1. How high is the relative contact order of the chain, in percent, counting Cα pairs under 8 Å that sit 6 or more residues apart?
2. State the volume of the convex hull built on the alpha-carbon positions of segment 111-182, expressed per residue in Å³ and rounded to an integer.
3. Say we join alpha carbon atoms closer than 10 Å with springs in a Gaussian network model of the chain; which of GLU121, GLU96, GLU133 then has the biggest fluctuation?
4. Taking N as the number of residues in the chain, what is its alpha-carbon radius of gyration divided by 2.2 N^0.38 Å?
5. Between VAL158 and ARG135, what is the label-point separation in nm under the 7 Å Cα-to-beta-carbon projection?
6. Radius of gyration and Dmax for segment 63-183's Cα atoms, expressed in Å?
7. Let me know the volume per residue of the alpha-carbon convex hull for segment 12-105, in Å³.
Amino acid sequence: MGRLKTTNTPELEALLSPEASQNPVTLAVEQALRRGRDWSAPVAEQIAVRLAGLIAIDLIHAGQRLLEKDISAVLQVSRAPVREALRILERERLIEFRARRGAVVTAPDARELRDIYVVRETLFAILLRELMEERPEALDALFEQHLPRFAKAVDESVDAYTSASFLANMAMADLSGNRLVADLLNSISLRTCVTCAWGWRPIPMPLRAR
């Protein structure tokens, strides 16, 4: 008799799907996880990126368990890099470890999302004030680069628009000389990008003329 499947776990074969890996939201999440990090465990990094992408496009759902043994079996790797990958996702607050359940995909409630957007709005105000005073030409160039992408994404799909907004968020944060604000914004942007898959739509960054 085969081993019974643990309840409330995702179908992990999507980890091997090239179509899932090319989704625009998946690609945006990958950029966010890789950016500004000195990865010492490249296999763990790749696993974290794949899992985060599937969470973002809702092929792995909030509340589902991620088991080391199942992930390692599908990817044909040892459990050590899988364990490190789950720790990476925990640091990004995409999963949490619970007693007797292990790693579980997190789902923010309405109150937590309101708090996230309040903090995000405040950080953007700080960022925009800084850039308008210190780097107005670079800010104008960023608007010119990203506004056409927004217009194109509107005609494509929600995923395309989400990705365009997310990538613009990161590009604006990269202009900042305040690395604390930039790092916090990138982390929050990742969180809001992922929550769109759970029925919440992200508030686009304030791309508007000065």
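1. Computed over the chain, the figure is 22 percent.
2. Hull volume normalised by residue count: 86 Å³.
3. Result for the chain, Cα springs under 10 Å: GLU133 fluctuates most.
4. Taking N as the residue count of the chain, the ratio is 1.08.
5. 3.3 nm
6. Spelled out, the Cα radius of gyration and Dmax of segment 63-183 are 18.9, 54 Å.
7. Once divided by residue count, the hull of segment 12-105 is 88 Å³.
Values quoted throughout were computed directly from the atomic coordinates according to the rules given, and no laboratory measurement underlies them. What you see is a predicted model; the values in this text were computed from it and never measured. Here the Cβ is made from the backbone with ideal geometry for all residues, glycine too, and neighbour counts use every protein chain on show.
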